[in-house]
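Undergrad: Have a look at the structure that comes next, please.
None of the figures in this text is laboratory data; all of them are computed from the coordinates on show. From a predicted model like this one, the values you see are computed outputs, not experimental measurements. Here the Cβ positions follow ideal geometry from the backbone for every residue, glycine too, while neighbour counts run over all protein chains shown.
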Amino acid sequence: MSIRDLRRASPFPALAAVTLCAFTACASTTVLQSTPPGAQVKINGLPVGVTPYSLTDQKIVFATTPIRLEAAGYQPLDVTLQRSEEVEIGALIAGFFVLIPWLWVLKYSPAHAYTLTPVGAGYPAPAPGAPPPPSGYPPAEPAPGPAGYPPPPPGYPPPAPSP
């Protein structure tokens, strides 16, 4: 093998190493935490574990993941994670040599914390020592109008003019 052949072959190992580093940076991991801990985590409707749960995927930039957290005695919480929260430096640098790693240039934040609402707790409790809430608290929702629209305001429609 001549020196000329070695000079031609030298960029390949470097390019391969940069590409390999970029693709190992494709995976992004975040930890899902909840209050109370131990809530069941469902991704795309399938149960995958309980909180704290470590989520790792290789989705591309701006991809979304629907997540549902459920715990006994608490209202289910639906959230959507989007892979656009932080910059992945390795993929960014590798993207200057090979464009494909830029598909994974963004990643998730390291952790996400969610608080589940207890069933029947649609409104916050008054602070200790605060005056009691007014009558009718929590406010009742008005009955829907025709075809599900909200009811008209009081005095509408106006009375017809007399002849």
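Undergrad: How far is it, in nm, from the label point at residue 64 to the one at residue 93 when both lie 7 Å from their Cα along the line to the Cβ?
TA: About 3.4 nm, to one decimal.
Undergrad: Lys and Arg at +1, Asp and Glu at -1: add these up for the other residues within a Cβ distance under 12 Å of residue 111 and post the number. Before the final figure, lay out the partial values.
TA: Working: positive: none; negative: 85, 86.
Summing Lys/Arg as +1 and Asp/Glu as -1 gives -2.
Undergrad: Moving to a separate point now. ³J(HN,Hα) across the stretch 32-49 via Karplus (A = 6.51, B = -1.76, C = 1.60, θ = phi - 60°), whole Hz, x for Gly/Pro?
TA: 8, 10, 9, 10, x, x, x, 6, 6, 9, 10, 10, 6, x, 9, x, 10, x
Undergrad: Turning to a different aspect of this structure: Need one number: nm distance between label points at residue 117 and residue 56, each 7 Å from Cα along Cα→Cβ, rounded to one decimal.
TA: 3.5 nm
Undergrad: So what's the net charge close to residue 63: Lys and Arg +1, Asp and Glu -1, counting the other residues with Cβ under 10 Å from its Cβ? Write down the numbers at each step before the final one.
TA: Values: positive: 59, 83; negative: 57.
Residues close to residue 63 contribute a combined charge of +1.
Undergrad: What are the ³J(HN,Hα) couplings of the stretch 155-163, residue after residue, when phi is run through the Karplus curve with 6.51, -1.76, 1.60 and θ = phi - 60°? Round to Hz, x for glycine and proline.
TA: For the stretch 155-163, the Karplus curve yields x, 10, x, x, x, 6, x, 7, x Hz.
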